[in-house]
Amino acid sequence: MQKVLYVEDNLLNMALMHHLFKKNLPSVQLLKAETGEQGLEIAEQQLPDLIIMDIGLPGMNGYETLECLQRSAGTCDIPVLAISAFAQLSDLAMARDTGFAGYITKPIQVRVFTETVQELLAGAGRLTRN
Ligand SMILES: [Mg+2]
């Protein structure tokens, strides 16, 4: 079973994602972390196939967490999809430059989001979506 790790500090967003996966991606296991630090730990232990990363997090933000993932041999090849309400063009550019595999803006469009996750899980590599 493929595993996706979602790093998100907002519990309502986490609950919505849980529901979305149950409904639209039932064959994928969703792992959850509430902070970047916890996300790094779970990523090292579970080696998920994809990580969905909130940008605004307490403690380390999403960019800092991505950098740590990229520095670790165990996790550097896992695609990381950014998800954020910060939807300025400069944010999209920064996300691409930092090495995110894609960038999804909140509120999530369910169909686009689901397709993006499916493509990344199928190994489509870097995507540019919003
Ligand atoms: Mg947040």
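The values are calculated or read from the model by the stated rules, or taken from the named source; none is laboratory data. Just so we're clear, the structure is a prediction, and the values are computed from it rather than from any experiment. Reconstructed Cβ throughout: ideal geometry from the backbone, glycine too, with neighbour counts over all protein chains shown. Note: accessible area is taken over every heavy atom of the protein model, side chains too, but ligands, DNA and RNA are not part of it. Shrake-Rupley method; radii C 1.70, N 1.55, O 1.52, S 1.80 Å.
Screening Gln2 with (1) within 13 Å of the ligand (Cβ to nearest atom); (2) open to solvent by 60 Å² or more (accessible area, probe 1.4 Å); (3) not aliphatic (A, V, I, L, M) gives one miss only, at (1). Residues that are at pLDDT 95 or above, more than 16 Å from the ligand (Cβ to nearest atom) and over 23 Å from Arg111 (Cβ atoms) do not occur anywhere in region 50-57. For Met60, the conditions (1) away from the ligand (no atom under 16 Å from the Cβ); (2) in contact with a Gly (Cβ under 8 Å, 6 or more places away or on another chain); (3) modelled with pLDDT of 95 or more are fulfilled apart from (1).
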